[in-house]
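Worksheet for the structure shown next.
The values are calculated or read from the model by the stated rules, or taken from the named source; none is laboratory data. Here the structure is a predicted model, which means the values were calculated and not measured. Every residue, glycine as well, gets a Cβ built from its backbone with ideal geometry; the counts of neighbours run over all protein chains shown.
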Amino acid sequence: MTDALDMTATQLRDAIAAGDVSAGEATRACLDAIERTDGQLACFNEVYADRATQQADRIDQRLAAGESVGALGGVPVAVKDNMCTAYGRTTCASRMLAEFRAPYTATAVTKLEAAGAVILGKTNMDEFAMGSSTEHSAVAPTRNPWDTSRVPGGSSGGSAAAVASRQCPAALGSDTGGSIRQPAALCGVVGFKPTYGRVSRYGLVAFGSSLDQIGPVTRDVRDAALLSAVIAGHDPHDSTSIDRPVPDYAADVHTPVEPLRIGMPREWFTDALDGEIAAALRRAAKTYERHGAELVHVSLPHSRIDVADDGALSSYAVSCYYIVCMAEASSNLARYDGVQYGHRTDQAGGDIVEMLCRSRAEGFGEEVKRRVMLGTYTLSAGYYDAYYNKALKVRRLIARDFQQAFERCDVLLCPATPSVAFELGSKTDDPMAMYLQDIYTNSLNLAGLPGLSLPIALSDSGLPIGMQLIGPALGEQTVLRAARMYETISDAADHKPSVTAS
Amino acid sequence: MPETIDEQRVRRIGTLSRIALSDAEVATFSRQLGDILAHFDKLQELDTDNVEPMAHAVELTNVLADDTPGESLSREQALSNAPAHDDDLFAVPKLIGDSQ
């Protein structure tokens, strides 16, 4: 069944519909792939083998009966472990939720299933989606299939590594400050974060509520369009979801954007960026130009990256982003009190405050504690204006920069990550160094914009390099079409990682 | 704004956050939180006097639901993940001390 594992979601869907492969065979091939490779990679926290097989067999029965089975009929998909399902566990890779069984299913997952997708299981992540390497998982660190001594990125590292290693054709991730795009870039796959509110957050365990967004991780842009069209749309269960019709992204993804004006933010092409990545991006820009696109220089002054004399990086956007997301996290994670669900200590005697403090101390990992504490601090009396309120003002300046840039171009072409995948353990003792991995990805979460990362080259060391394309609010179609153009015109060969199931 | 976050302050933040901290964690966080807050202070370089705070990426107006009962969890479902429950109630340690 190697063939099925190499197919994209679209190809597999078509092969199943044509009767070349059965849904049952496709699902069993993925389950077998996970069985063979996940000991090395740790992409999955839980696999729903029986349920997935039954789901797939039902698709085959419906096909045999001549029924239509949906836009993802029979396609196996993995889901990040922070999306609730009314079956199995939803752990957020945290001890706090190790045994949590959600009583309902997230809207995005319900929509996948309604479109005929088979849910394989839950993928590993940084605890509560807080991290950029999946090393903050309480389960195990996920490994990068291109080099298992390196991280897959995060926080959706399990989803990215699973798709890259061909354990499954597609997965859902969530992106608060780059958690879909950064791991996609480091694992050589496509990751897409739609506009804030385009996909319902109902059933997504909350981290930074004004930033969180669900999106697909796939092996090509066409699949990103296909999955986005399935999961997007207004949801009465999420009052922040956008009530606008969803275009059929997959239908027009092949139509080039003509004319195409590509903005290159000058603040992001500086010495702070790895030389090999900068060169790959400039080559990609030239490729677009040769095919008729116009390159324009734009400016994002408040997303500027400063390099100190000692080489230390800093950026208004990174500072702004972490203040906002930590403040929101401290508030969102107050719900873990050992009462309604989650871990409760057995060491508290009879005191309720001690029960709370110990339950949270035992249930949360170090990074979560750090963020909850910093968020609590920046929201506390005397500091609120200096940190939180200041960050909200800077957020508006960052968003305005993007608005002005999009007056002169259709999409922005920029880095996804400052470097290729790094070694496990190399940044775990220096939280600020880990936060700076988001330096090119988190500004757009603050502005709520759609962004996509796609693989464009391999480094000399054989590791994937990603390119990020950013669009204006609700500009999903433009981003997907521009990305698909590159995929079609570039000669980026179909490279495969060293750990692969096919 | 403090240049460093001393251990006493870390313990205070731990209490506000309802997280019990070990001595080792207090020492680690004292170092790390100061480093991160120094990065946050970078925003003070910017003049934001006439800038409206932006709490949300998409400017939203209030969404009101119809005042009619919808689907909700059954009592059994609501209690199914509770670490402790007493028949049909969540159980917690006593909130009011004996020596009131």
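Residues that are farther than 21 Å from residue B:54 by Cα, within 25 Å of the chain's Cα centre (by Cα) and of a type in the set (D, E, K, R) occur at least once in the range A:251-262. Helices (runs of 4 or more DSSP H) fully within the range A:1-45 that include at least 3 residues being acidic (Asp, Glu): A:23-41. Report yes if residue A:490 is touching a residue at least 24 places away in the same chain (Cβ under 8 Å) and surrounded by fewer than 24 Cβ atoms within 10 Å (Cβ to Cβ), otherwise no. So residue A:490 fits the description; yes. Taking the range B:11-27 as the range and being within 8 Å of chain A (Cβ to nearest Cβ) and either assigned to a helix (DSSP H, G or I) or aromatic (Phe, Trp, Tyr) (or both) as the test, the residues that pass are B:13, B:14, B:15, B:16, B:25.
In the range B:68-88, which residues are within 22 Å of residue A:350 (Cβ to Cβ) and surrounded by 11 or more Cβ atoms within 10 Å (Cβ to Cβ)?
Residues of the range B:68-88 that are within 22 Å of residue A:350 (Cβ to Cβ), as a first pass: B:79, B:82-87.
B:79, B:82, B:83, B:84, B:85, listed by residue number.
Of all the residues in the range A:111-139, those that are on the phi > 0 side of the Ramachandran plot and either at pLDDT below 95 or out of contact with any Pro (no Cβ under 8 Å at 6 or more places or on another chain) (or both) number 5. Being without any contact (Cβ under 8 Å) to a residue 12 or more places away in the chain and of a type in the set (A, V, I, L, M, F, W, C) holds for only one residue in B:13, B:19, and it is B:19. Among the residues of the range A:191-239, just one is within 22 Å of residue B:59 (Cα to Cα), free of Cβ contacts under 8 Å to residues at least 60 places away in the same chain and either more than 13 Å from chain B (Cβ to nearest Cβ) or in contact with a Cys (Cβ under 8 Å, 6 or more places away or on another chain) (or both), namely A:215. Against the condition out of contact with any strand residue (DSSP E or B) (no Cβ under 7 Å at 6 or more places or on another chain), crowded, with 24+ Cβ neighbours inside 10 Å and either at positive phi or modelled with pLDDT under 95 (or both), how does residue A:429 come out, does it pass? When the stated conditions are applied, residue A:429 does not pass them. Any residue at all in the range A:50-61 that is surrounded by fewer than 20 Cβ atoms within 10 Å (Cβ to Cβ) and outside any helix (DSSP H, G or I)? Looking for residues that are surrounded by fewer than 20 Cβ atoms within 10 Å (Cβ to Cβ) and outside any helix (DSSP H, G or I), one finds none in the range A:50-61, hence no. Residues in the range B:50-77 that are acidic (Asp, Glu) and within 9 Å of chain A (Cβ to nearest Cβ): B:52 only. Here residue B:13 does not qualify as touching a Lys or Arg at 6+ places or on another chain (Cβ under 6 Å), closer than 18 Å to residue A:357 by Cβ and not polar (S, T, N, Q). Taking the range A:400-502 and the strands (runs of 3 or more DSSP E) fully enclosed by it, the elements with 1 or more residues that are polar (S, T, N, Q) and more than 14 Å from chain B (Cβ to nearest Cβ) are at A:451-458, A:464-470. Taken together, B:96, B:5 contain a single residue that is more than 7 Å from every other protein chain (Cβ to nearest Cβ), touching a helix residue (DSSP H, G or I) at 6+ places or on another chain (Cβ under 9 Å), of a type in the set (A, V, I, L, M, F, W, C) and assigned to a loop (DSSP other than H, G, I, E, B), which is B:5. Here the condition is being among the hydrophobic types (A, V, I, L, M, F, W, C), crowded, with 24+ Cβ neighbours inside 10 Å and over 24 Å from residue A:323 (Cβ atoms); of A:140, A:171, it holds for A:171 alone. The range A:258-365 holds strands (runs of 3 or more DSSP E) entirely within its bounds, and those carrying 3 or more residues that are within 14 Å of chain B (Cβ to nearest Cβ) map to A:305-307, A:313-315. For residue A:375, are the conditions met, namely being assigned to a helix (DSSP H, G or I), more than 7 Å from chain B (Cβ to nearest Cβ), at pLDDT 95 or above and in contact with a helix residue (DSSP H, G or I) (Cβ under 9 Å, 6 or more places away or on another chain)? Yes; evaluated as a whole, the condition is true for this residue. Residue count for the range A:253-281 satisfying the condition of being surrounded by fewer than 21 Cβ atoms within 10 Å (Cβ to Cβ) and out of contact with any strand residue (DSSP E or B) (no Cβ under 9 Å at 6 or more places or on another chain): 5. Against the list (1) under 21 Å from the mean Cα position of the chain (by Cα); (2) outside any loop (DSSP other than H, G, I, E, B); (3) at the interface with another protein chain (Cβ under 9 Å from one of its Cβ atoms); (4) more than 29 Å from residue A:213 (Cβ to Cβ), the condition residue B:30 fails is (3).
Go through the residues of the range A:125-143 one by one and say whether even a single one is within 19 Å of the chain's Cα centre (by Cα) and farther than 29 Å from residue A:418 by Cβ. No, the range A:125-143 has no match at all. Kindly indicate whether any position in the range A:43-66 is touching a Phe, Trp or Tyr at 6+ places or on another chain (Cβ under 7 Å) and within 14 Å of another protein chain (Cβ to nearest Cβ). For the range A:43-66, residues touching a Phe, Trp or Tyr at 6+ places or on another chain (Cβ under 7 Å) and within 14 Å of another protein chain (Cβ to nearest Cβ): absent. Summed over the range A:67-119, residues that are buried (at least 24 other Cβ atoms within 10 Å of the Cβ), assigned to a loop (DSSP other than H, G, I, E, B) and hydroxyl-bearing (Ser, Thr, Tyr) total 4. The residue that is nearest to residue B:58 (Cα to Cα), counting only those in the range A:378-388 that are touching a Ser or Thr at 6+ places or on another chain (Cβ under 9 Å) and facing another protein chain (nearest Cβ under 8 Å), is A:387. Consider residue A:392 carefully, then state whether it is buried (at least 18 other Cβ atoms within 10 Å of the Cβ) and within 10 Å of another protein chain (Cβ to nearest Cβ). Answer is yes for this residue.
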